């Protein structure tokens, strides 16, 4: 009995660990040896119980639970294969309005164009297009299983930048160090160490004014560590901000300033307005086969239900499979009542010798019954 419950608990835990790959795909745990070891131990426990139940050591209930154990084994093996053989979780970062091939999926990812309002809301999506298959549109909170991979959108820090000259004329923004040369959207692909913080940064230029601007992205928690009054005020609003530094083409520093989202600031002879928000990257994670998860969980539940139904008739009938029928007393077996006389309807002994010993009167000495010979 205890082995049965232990095996069911371990099987349920293994199924939960495998289902977690779909629920929390961004966790790096699934490709570690600790995760593989946990599933391997669970598999050994389930198989050991199944072998004992097959030999009948847990009765009819154990044999019916073999269905549940088979389902747990299917899910466990699928999780092991995904964790050991599947690729690590990776991200595809695309510039708004561009197409990026994704060979791992046999598809092309179309990153939607975005304006400053959409970037501030974080509402942009990605569309996957595959040959001889329908397109897959991914929303910010959506996820899809494609073959042996799980795809979803991962929001990343981004900023939509506008630049103006002293008269208010709009300046063209370029990104000389990025593939997205003419895009006004900074995706902060690189990181830089600033004191105790490792912060995202990006670079853009205003060629008409020979200005190069470097942008560092700070979260509210990081801003709270600065003694600058403006940084503390922004941290209190729970809003990220950028620290902008400007230089000319020769690298000569021209200034530094703190810029909140949507705020226009003067820097190095130009005015810069940055709208801060998020833009999605396409995340690809290994996932257990969907058919294995569905089939295994259904078998696991069906086996438990079947075994539970098998035990109810045993309890309701009053006689279990190991019950012993009540024994009949010697007197009842001989046809004698409690007083030693024949019970009603019981035939008398057949021979004369047997009839001669028929008890009919009490014995005065023993308090029992004495036999009176018949003639």
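Quick notes
- Pairs, first farther than 18 Å from residue 280 by Cα in the range 184-198, second at pLDDT below 90 and not in a strand (DSSP E or B), C-beta under 7 Å, six or more apart: 197/222
- Residue in the range 223-239 that is closer than 26 Å to residue 173 by Cα, within 43 Å of the chain's Cα centre (by Cα), surrounded by 14 or more Cβ atoms within 10 Å (Cβ to Cβ) and at pLDDT 85 or above present: no
- Unmet requirement for residue 57, which otherwise passes all of (1) in a helix (DSSP H, G or I); (2) more than 30 Å from residue 285 (Cα to Cα); (3) touching a helix residue (DSSP H, G or I) at 6+ places or on another chain (Cβ under 9 Å): (1)
- Answer residue from the range 105-159, given it is closer than 19 Å to residue 89 by Cα and touching a helix residue (DSSP H, G or I) at 6+ places or on another chain (Cβ under 9 Å) and is surrounded by the most Cβ atoms within 10 Å (Cβ to Cβ) among those: 150
- Qualifying residue in the range 60-75 (condition: closer than 19 Å to residue 302 by Cα and loosely packed, with under 15 Cβ neighbours inside 10 Å): yes
- Residue-level check: of (1) at pLDDT below 90; (2) over 21 Å from residue 293 (Cα atoms), residue 28 misses just (2).
The values are calculated or read from the model by the stated rules, or taken from the named source; none is laboratory data. Since the model is a prediction, treat every value here as computed from it, not as a measurement. Every residue, glycine as well, gets a Cβ built from its backbone with ideal geometry; the counts of neighbours run over all protein chains shown.
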